[in-house]
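Asker: This is the structure I have questions about; it appears just below.
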There are 2 protein chains.
Amino acid sequence: METFRQHLDKFITINDEEFALILSFFQMLEIKKKQDLMVDGEVCKSMFFVLKGCLRKFFINEKGIEQTTEFAIENWWITDTFAYEHQIKSDFCIQAVERSTILTIDLQMQEELLKKHPVMERYFRMIYQRAYAASERRIRYLYEMSREELYLHFSTQYPWFIQRIPQYLIASFLGFTPEYLSEIRAKLRS
Amino acid sequence: METFRQHLDKFITINDEEFALILSFFQMLEIKKKQDLMVDGEVCKSMFFVLKGCLRKFFINEKGIEQTTEFAIENWWITDTFAYEHQIKSDFCIQAVERSTILTIDLQMQEELLKKHPVMERYFRMIYQRAYAASERRIRYLYEMSREELYLHFSTQYPWFIQRIPQYLIASFLGFTPEYLSEIRAKLRS
């Protein structure tokens, strides 16, 4: 739990006792590679925080192909935020990319946590603020960059991305076919 | 100020006295159509809340063309979130689409506000949560929909969008040329 504590310490000031109380609202799960945490059509009940490992969110496009829209590694949250807030069915799936250790919380528990520990409002405010800031930039890149530039951008900005994520998932995230990704990589090497 | 009060009431519970105190942290501005609120290269000092009117955020692409990435109408916030949080230069511009009445707050005042009125942490947490949820869906649409589908989606989901926003800005937002937008509209009418 040291990881989570250090993560919280970046945003808020709490003592050991309060940390223990806060932690009791979360559930820890060990999940296997490729294990599903949420399947589309299910109500999105939980948010997931990665202590160790990697998760991804994807949807099945009209051609029946998995389209990855998000990855979460250590210290990142992942869920279908809209479906979670409204406790409705999600049209996304969430799955483990690697064997992972995660924390999960459901909406009712989160509301309880926020009521009893209002300092967590600040924590989640900052988490969402940063997530939103990142998505503003991502939307800009989607306007601005060619697919090749997107690949180059992700490889230089997020080296873990290229090192940890299987190539077929990188291709899925960037909207390439795996063949097109191989072509870009070959071109960049030459 | 009734608008802002009603807006806050959707998220938090405050009395008249507290509302007056909260309001004192914001500054009200009347701005003209096409007036700049932020120009790229400037430090992003403020967040803007639309009481009446419409703002947009855009960047200048490498061809020198304005690329609109976001609109804000009544009850929406707009800023360059990353540059605002870090108080660094923005590579976006923010400009009025219509004559507008807005509230603005800068980072130092916002921190003061949050310290004195922690209920506003909850308010901003929910605002960012919803903004992030909307951007998650928007990123999905960018993967999933053709340009024509995007136009159709925005016209049906946000009728104000088509009614209020000048056509050349709709084209800029959807990444079309104005000519291509006319073609789509003609095709949909036929």
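Asker: List the residues of segment B:28-66 that lose 50 Å² or more of accessible area once all protein chains are present, compared with their chain alone (1.4 Å probe, heavy atoms only, no ligands or nucleic acids).
Answerer: B:F59
Asker: Under the classification rounded if a/c is under 1.5, otherwise prolate if a/b is larger than b/c and oblate if not, where does chain B fall, given a ≥ b ≥ c as square roots of the Cα gyration tensor eigenvalues?
Answerer: Working: a/c = 2.02, a/b = 1.70, b/c = 1.19.
Note, shape of chain B comes out prolate.
Asker: Next question, about the same structure. Label the protein assembly as shown by shape, choosing from rounded, prolate and oblate, from the square roots a ≥ b ≥ c of the eigenvalues of the Cα gyration tensor; if a/c is under 1.5 it is rounded, and otherwise prolate applies when a/b is larger than b/c, oblate when it is not. Present the calculation step by step, with values, prior to reporting the outcome.
Answerer: On the way: a/c = 1.64, a/b = 1.02, b/c = 1.61.
It comes out oblate by the Cα gyration axes.
Asker: Here's something else I'd like to know. Taking θ as phi - 60°, what are the ³J(HN,Hα) couplings along segment B:77-85 by the Karplus curve (6.51, -1.76, 1.60), each to the nearest whole Hz, with x for Gly and Pro?
Answerer: 9, 8, 6, 9, 4, 5, 5, 5, 4
Asker: Which percent of the accessible area of the protein assembly as shown is formed by carbon and sulfur heavy atoms (probe 1.4 angstrom)? Intermediate values should be presented prior to the final figure.
Answerer: On the way: 9820 of 18810 Å².
Carbon and sulfur: 52 percent of the exposed surface of the protein assembly as shown.
Asker: Put a point 7 Å out from Cα along the line to Cβ at B:I88; what are the distances to that point in the other copies, in nm, shortest first?
Answerer: Output for B:I88: 3.7 nm, nearest copy listed first.
Asker: What are the distances, in nm and sorted shortest first, from the label point of B:R147 to the label points of the same position in each other copy, with each label point placed 7 Å from Cα along the Cα-to-Cβ direction?
Answerer: 1.7
Asker: Express the accessible area of segment B:51-97 per residue in Å², computed with a 1.4 Å probe while the remaining protein chains stay in the model. The partial results should precede the final answer.
Answerer: Details: 1780 Å² over 47 residues.
Averaged over the residues of segment B:51-97, the accessible area is 38 Å².
Asker: Roughly how much accessible area, to the nearest 100 Å², goes out of reach of solvent when B and A pair up, both sides summed, probe 1.4 Å? Let's see the in-between values first.
Answerer: Numbers: alone 11310 and 11330 Å², together 18810 Å².
Buried area (both sides, nearest 100 Å²): 3800 Å².
Asker: Here's another thing I want to ask about it. For A:E98, which sequence-distant residues (separation of 5 or more, or a different chain) have an amide H within less than 5 Å of its own amide H, given hydrogens modelled in the peptide plane?
Answerer: A:K34, A:C54
Asker: What does the C-alpha gyration tensor say about the overall shape of segment B:145-190? Classify as rounded when a/c is under 1.5, otherwise prolate if a/b is larger than b/c, or oblate.
Answerer: On the way: a/c = 1.28, a/b = 1.09, b/c = 1.17.
Verdict is rounded for segment B:145-190.
Asker: Given 0.36 nm per residue, what is the gain on full extension from A:T3 to A:E149 after removing their alpha carbon distance, in nm?
Answerer: Numbers: separation 146, 0.36 × 146 = 52.56 nm, distance 3.35 nm.
Working it through step by step, the gained length comes to 49.2 nm.
Asker: Another one. Using modelled amide H (1.01 Å from N, peptide plane; none on Pro or chain starts), what sits under 5 Å from the amide H of A:D80, excluding residues fewer than 5 places away?
Answerer: none
Asker: Under DSSP H, which helices of chain A have Cα atoms covering 24 Å or more of the helix axis and a Kyte-Doolittle average no less than -1.0? Numbers along the way, then the final one.
Answerer: Numbers: long enough: A:119-144 (38 Å, -0.74).
In chain A, the long hydrophobic H runs are A:119-144.
Asker: Please work out the FRET efficiency for the pair A:A20 and B:E112, using the Cβ-Cβ distance as r and a Förster radius of 35 Å; give the result to the nearest 0.05. Don't jump to the answer; show the numbers that get you there.
Answerer: Numbers: r = 31 Å, r/R0 = 0.89.
Computed FRET efficiency for A:A20 and B:E112: 0.65.
Asker: So, one more: Using label points projected 7 Å from each Cα along Cα→Cβ, tell me how many nm separate B:W160 and A:V43, to one decimal.
Answerer: 3.1
Asker: Given label points at 7 Å from Cα along Cα→Cβ, what nm distances, shortest first, separate B:Y180 from the same residue in every other copy?
Answerer: Label-point separations across copies, in nm and ascending: 1.5.
Asker: Still on this structure, please answer the following. Over chain A, with a Gaussian network built from C-alpha contacts below 10 Å, which listed residue (A:M47, A:M145, A:M28) shows the highest mean-square fluctuation?
Answerer: Fluctuation is largest for A:M145.
Asker: How about segment B:136-158: which of its residues lose at least 20 Å² of accessible area in the presence of all protein chains relative to their chain isolated, using a 1.4 Å probe?
Answerer: So the qualifying set is B:E136, B:R137, B:R138, B:I139, B:R140, B:L142, B:Y143, B:E144.
The values are calculated or read from the model by the stated rules, or taken from the named source; none is laboratory data. These numbers were taken from a predicted model, which means no experiment stands behind them. Using ideal geometry, Cβ is built from the backbone for each residue, glycine included, and neighbour counts are taken over all protein chains shown. These accessible areas exclude ligands, DNA and RNA; they are computed on the full protein's heavy atoms, side chains included. Shrake-Rupley method; radii C 1.70, N 1.55, O 1.52, S 1.80 Å.
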